[in-house]
Amino acid sequence: MSLSTAANKDIAHLIHGFTDLSGIRESGPVIINRGDGIRVFDESGKSYIEAASGMWCTALGFNDQELIEAAYEQMQKLPYYHTLAARSVNPAIELAEKLSDLVPIENAHIYLALSGSEANDFLVKFLWYYNNAIGRRLKKKMITRLGGYHGTTVVASSLTGIEKNHRLFDVPLPGFLKTAEPHYYRDGLPGESETAYVDRLVSELKDLIERENPETIMAFMAEPVTGGGGVIVPPEPYYAKVQALLKEYDIAFLADEVITGFGRTGAMFGCETLGIQPAAMTMGKGMSAAYQPISAIALSEEIYQGLCSGSDQAGYYFGHGTTYSGHPVAAAVALKVLEIFSSRKLLGHVQNVSKKFAKRLEGFGQHPLVGDVRHLGLIGAIELVADKDHKVGFTPQGVVAKHLKEECERNGLIIRPVQSGDSVSFCPPLIITEAEIDELFDIFSQALDKTASWAQVERLIAE
Ligand SMILES: Cc1ncc(COP(=O)(O)O)c(C=O)c1O
């Protein structure tokens with residue numbers, strides 16, 4: 001296969017994340033160079049429905065004029081100033097005020113960063129600082145869930161519970177503990193009710209806390225619904241029971257809302273949909289609909305006061321900051337996203353179209369290749385299995401999901417394979433219409449049938 005000039009330049013110079021670095025030298029990258037609504041176009045002009053919203057982030061599609069104008073106007077006024085050393089900029093001030101009102105944390109204080117990884121990394125660092133400031137010098141360990149994804153800085157990848165993101169990187173760091181993910185379909189025992197399953201997970205979490213010494217455990221972090229880990233929506237009593245346990249041991253609940261924030265689950269935040277009252281939360285992605293790199297950390301009043309006290313103790317100086325924190329162009333775009341949420345009644349739209357999204361996804365439940373269907377709002381996944389009756393996945397794992405993804409792409413649809421056996425995920429732009437949802441799943445349906453026939457020929461399916 002001959003590669004385009006751009007593809008040849010790419011493989012000569014650009015390093016790609018989450019990619020087979022040898023394989024891409026043969027295949028070249030897919031180069032996307034235009035977007036329109038929920039669609040993107042590659043360099044040959046081929047159109048794709050972007051059902052993964054890029055990296056779970058382009059909530060308003062690929063050519064929203066209001067966002068483009070917001071960035072342009074701010075660039076003309078003030079393209080950059082910083083928020084370090086007691087300086088500030090108006091877009092950052094307004095954004096912090098608005099986020100503080102929106103998040104489910106009373107009197108929240110906001111720190112602005114650039115990516116989800118940075119936000120999670122800084123949040124852990126801030127809590128270490130806080131615990132030192134209030135004299136809890138031993139209380140530093142983090143608990144996250146196997147299968148959870150929290151990013152790829154050194155701390156964020158230590159929080160991440162996906163082993164293939166750790167290999168050869170000398171992470172996780174010590175003090176980053178893991179507990180089970182709440183994946184009832186995969187891990188529930190035969191005959192075990194959802195409630196009994198949740199009780200078992202909570203009891204395992206309690207054992208972990210006791211074994212490690214509760215005095216050493218600082219916080220538990222979770223995505224309300226896991227994204228990269230397979231779009232796992234926990235059984236109903238899970239968060240209530242986990243929160244009650246953590247409270248007993250004075251361990252903070254931190255919500256990673258990097259995917260679930262800004263409307264994805266039908267409410268502004270996944271915490272609201274799932275009844276979580278976090279001590280702190282991180283957000284990113286949909287916050288600017290991905291038109292600018294920006295993320296945020298929301299801290300409770302108590303944690304914020306601890307940071308102030310730490311700053312006093314550390315010589316009247318909070319020794320943390322990055323050049324682009326509170327970047328005015330990114331903040332202006334994030335403010336415009338919030339404005340659009342009300343001017344276009346976006347939450348109501350998500351609640352409406354997610355019924356169609358759910359119905360079409362559930363419709364695949366009877367397909368011979370489909371073991372499990374999961375969804376909440378406009379995020380969902382389908383788990384493919386070799387043996388539906390016995391929930392047996394494919395060997396080798398991932399090959400069938402990859403085939404399905406490629407079949408979809410041949411037919412103009414981008415979906416994303418995720419962890420949890422052979423699962424594929426859907427996370428379309430929030431602006432998607434019912435007709436576009438039908439179009440998306442019609443293409444998917446044909447690709448799924450073709451993949452089933454291929455898997456049969458390859459003898460990957462149980463007889
Ligand atoms: C839940 C979650 N947290 C954190 C991150 C990291 O965000 P970023 O890629 O912007 O660093 C991601 C990215 O996919 C994510 O899905």
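Residue by residue through the range 14-30, which ³J(HN,Hα) values in whole Hz follow from phi under the Karplus form 6.51 cos²θ - 1.76 cosθ + 1.60 (θ = phi - 60°), with glycine and proline marked x?
9, 9, 10, x, 6, 9, 6, 5, 7, x, 5, 5, 8, 7, x, x, 7
Report Rg (one decimal) and Dmax (nearest whole number) for the range 344-463, counting Cα atoms only, units Å.
Gyration radius and largest Cα-Cα distance of the range 344-463: 14.4, 51 Å.
Compare the peptides 92-104, 204-216 by average per-residue count of other Cβ atoms within 10 angstrom and give them in order, highest first.
Taking the mean over residues of other Cβ atoms within 10 Å, the ranking is 92-104, 204-216.
Distance from the Cα centre of the range 379-434 to that of the range 76-116, in angstrom?
Between the Cα centre of the range 379-434 and that of the range 76-116, the gap is 37 Å.
For PHE169 and SER4, calculate 0.36 nm times their separation in residues minus their Cα-Cα distance, and state this gained length in nm to one decimal.
56.1 nm
Name the long-range amide H neighbours of ILE162: under 5 Å, sequence gap of 5 or more, or other chain; modelled H, no Pro or chain starts.
GLY147
Pull up the DSSP beta bridges for the chain and report the antiparallel fraction as a percent, rounded to 5.
Around 65 percent antiparallel, to the nearest 5.
At q = 0.12, 0.18 Å⁻¹, what log₁₀ I(q)/I(0) does the range 1-126 have when each alpha carbon counts as one equal point scatterer in the Debye sum?
For the range 1-126, the Cα-only Debye profile gives -0.76, -1.20.
Take the alpha carbon atoms of the range 270-296, find their center, do the same for the range 4-48, and report the distance between the two centers in whole angstrom.
About 29 Å separates the Cα centre of the range 270-296 from the one of the range 4-48.
Let me know the whole percent of all Cα-Cα pairs from the chain that are separated by more than 30 Å.
In whole percent, the share of Cα-Cα pairs in the chain beyond 30 Å is 47.
Quick one: what are the phi-derived ³J(HN,Hα) couplings along the range 387-404, Karplus 6.51/-1.76/1.60 with θ = phi - 60°, whole Hz, x for glycine and proline?
Rounded to whole hertz, the list is 9, 4, 5, 10, 6, 8, x, 8, 10, x, 5, x, 5, 6, 4, 5, 4, 5.
Quick check on my link table: of LYS9/LYS405; LYS164/LYS241; LYS141/LYS206; LYS77/LYS125; LYS140/LYS206; LYS178/LYS388, which ones sit more than 24 Å apart, alpha carbon to alpha carbon?
Working: LYS9/LYS405 26 Å; LYS164/LYS241 30 Å; LYS141/LYS206 15 Å; LYS77/LYS125 34 Å; LYS140/LYS206 17 Å; LYS178/LYS388 29 Å.
Too far apart for the 24 Å limit: LYS9/LYS405; LYS164/LYS241; LYS77/LYS125; LYS178/LYS388.
Calculated FRET efficiency, TYR249 and PHE318, Cβ-Cβ r, R0 25 Å, to nearest 0.05? Each step should come with its number before you reach the end.
Working: r = 28 Å, r/R0 = 1.12.
Efficiency computed from Cβ-Cβ geometry: 0.35.
Work from the charge dipole of the range 403-445 (Cβ charges, +1 for Lys and Arg, -1 for Asp and Glu, about the Cα centre) and give the residue of ILE414, PHE444, THR433 farthest towards its positive end.
Result: ILE414.
Which distance in Å, rounded to a whole number, links the C-alpha centroids of the range 314-374 and the range 118-187?
First find each Cα centre; the distance between them is then 22 Å.
What distance in nm separates the two pseudo spin-label positions at GLU339 and GLN366, each 7 Å out from Cα along the beta-carbon direction?
The answer from the label model is 4.9 nm.
Place the peptides 278-287, 54-63, 189-198 in order of packing, highest mean first, counting for every residue the other Cβ atoms within 10 Å and averaging per peptide.
Ranking, from highest mean packing down: 278-287, 54-63, 189-198.
Quick one: which residues, 5+ away or cross-chain, put their amide H under 5 Å from the amide H of VAL392? H built at 1.01 Å from N.
Long-range HN contacts for VAL392: ALA386, ASP387.
Set the Förster radius R0 to 45 Å, insert the Cβ-Cβ distance between ASP389 and GLU215 as r into 1/(1 + (r/R0)^6), and round the FRET efficiency to 0.05.
Working: r = 47 Å, r/R0 = 1.05.
Calculated transfer efficiency: 0.45.
Quick one: with all protein chains in place, what share of the accessible area of the range 144-212 is carbon or sulfur, to the nearest percent (1.4 Å probe)?
Summing carbon and sulfur atoms, their accessible area is 57 percent of the total for the range 144-212.
Just to check I understand the Karplus step: with θ = phi - 60° and J = 6.51 cos²θ - 1.76 cosθ + 1.60, what whole-Hz values come out for the range 147-155, glycine and proline as x?
Values per residue, Gly and Pro as x: x, x, 10, 10, x, 9, 5, 4, 6 Hz.
Compute the whole-percent fraction of alpha carbon pairs in the range 92-183 spaced more than 23 Å apart.
Distances greater than 23 Å cover 36 percent of the Cα pairs.
Given a 1.4 Å probe, how much area per residue of the range 1-93 is accessible, in Å²?
Normalised by residue count, the accessible surface of the range 1-93 is 61 Å².
Round to the nearest 0.05 the FRET efficiency obtained for ASN63 and GLU406 when R0 = 22 Å and r is the Cβ-Cβ distance.
Computed FRET efficiency for ASN63 and GLU406 comes out at 0.25.
Summing +1 for each Lys or Arg and -1 for each Asp or Glu, what net charge is found among the other residues whose Cβ lies under 15 Å from the Cβ of ALA133?
The answer is +2.
Size of the range 219-261 along its principal axes in angstrom, Cα-based, largest extent first?
So the extents along the principal axes, rounded to whole Å, are 30, 20, 16.
The values are calculated or read from the model by the stated rules, or taken from the named source; none is laboratory data. Quick caveat: nothing in here was measured; it's all calculated off a predicted structure. Neighbour counts run over all protein chains shown; Cβ positions are idealised from the backbone, glycine included. These area figures cover heavy atoms from the full protein model, side chains too; ligands, DNA and RNA do not enter into them. Shrake-Rupley method; radii C 1.70, N 1.55, O 1.52, S 1.80 Å.
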